[in-house]
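Below you'll find the structure, written out as structure tokens, and then a few comments.
The values are calculated or read from the model by the stated rules, or taken from the named source; none is laboratory data. All values reported here derive from a predicted model rather than from experimental measurement. All Cβ positions, even for glycine, are placed from backbone atoms using ideal geometry, and neighbour counts span all protein chains on display.
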Amino acid sequence: MASRRHVIADDLRAQISTGRIKAGDRLPSEAQLAARYTVSTPTLRSALALLQAEGLVEKVHGKGNFVRHPLRRITYIGGGLTPANAAPRVSIRTTKLRARGHLATLLRVPAGSPLTEFLCLSHDGKSPHSLARVYVPRDLAPADVPGESSGSDEVTTMLAKPRPSLAEVQERVCARLPTPLEATTLRISSTLAVLEVTRVSTDTTGRIVEAALLVLPGDRSDALFTTHPATKERTAEG
């Protein structure tokens, strides 16, 4: 027998799929829904968490639960994001800081070295789409960073301007649960896995000139890596 939370989730899911509750609509308050389904608030929240994990519902702090508009998928292709359609809007916040702990290790710099952090949050309409933290040694950081840009490609181009020629870009991909801050920022369930990409760029002198930490919600993200095997022409003997 299905649990009450699954029964509630199934009913709300059916109303969303048939259009009785439309994308962008605010759901009744949690207290109202709990009363409607004659369950406790924790049980109701557990049911909503199922829909949030599926990407059907998002909880906006202080405003309530809303039915999500279908979000464009993100494909990460070795070195950049490729949305399915037009590039999303990207907001950027710049912070000057000192390398400590994992940042000092990641960029292979002494503790206390000056860095610039670019916190890039992309949006699909009004919904957060993906999150990236880009760390650059202070002497290589661009000075003309806008607070908002039209798309991820423009941000990538802008951040790349001051960099020397690159010799290597190393990327590590893993799946994990979001931190509480990431879940809140991206408006996703804390039980929804995210795709984390750590990208480290090294120049021809061996200096790390950029480290980027990208967080992509698992309900709308793919990673694509293409390998081109080296071929060797063989000359026939004789």
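Just to be sure I understand the filter: pairs with C-beta atoms under 6 Å, separated by 6 or more residues or on different chains, first member in region 209-223 and modelled with pLDDT of 90 or more, second member surrounded by fewer than 20 Cβ atoms within 10 Å (Cβ to Cβ) and charged (D, E, K, R). Which pairs pass?
VAL209/ARG163; VAL209/ASP203; LEU213/ARG133; VAL215/GLU182; VAL215/GLU196
Test VAL109 against the criterion of being in a loop (DSSP other than H, G, I, E, B) and either in the same structural domain as ALA193 (by TED's automatic domain parsing) or acidic (Asp, Glu) (or both), and give yes or no.
In short, yes.
Quick grid of which residues meet (1) at pLDDT 90 or above; (2) closer than 20 Å to LEU119 by Cα; (3) assigned by TED's automatic domain parsing to the domain that holds THR116:
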position: THR43; (1), (2), (3): yes, no, no
position: ALA49; (1), (2), (3): no, no, no
position: VAL60; (1), (2), (3): no, no, no
position: GLY80; (1), (2), (3): no, yes, yes
position: ALA86; (1), (2), (3): no, no, yes
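Restricting attention to region 104-123, which residues are among the hydroxyl-bearing types (Ser, Thr, Tyr) and over 25 Å from THR185 (Cα atoms)?
Matches in region 104-123: THR105, SER113.
Which residue is nearest to the chain's Cα centre (by Cα), if the candidates are limited to region 36-56 and must be free of Cβ contacts under 8 Å to residues at least 24 places away in the same chain and more than 23 Å from ARG187 (Cβ to Cβ)?
SER40
If you check every pair at least six apart or on different chains, which have Cβ atoms under 8 Å apart with a residue in region 22-35 that is free of Cβ contacts under 8 Å to residues at least 60 places away in the same chain and surrounded by 12 or more Cβ atoms within 10 Å (Cβ to Cβ) first and a residue that is basic (Lys, Arg) and in a helix (DSSP H, G or I) second?
Once the first residue is free of Cβ contacts under 8 Å to residues at least 60 places away in the same chain and surrounded by 12 or more Cβ atoms within 10 Å (Cβ to Cβ) and sits in region 22-35, its partners that are basic (Lys, Arg) and in a helix (DSSP H, G or I) give PRO28/ARG36; GLU30/ARG45.
Would you confirm whether or not region 118-128 contains a residue that is modelled with pLDDT under 80, farther than 28 Å from LYS59 by Cα and not aliphatic (A, V, I, L, M)?
no
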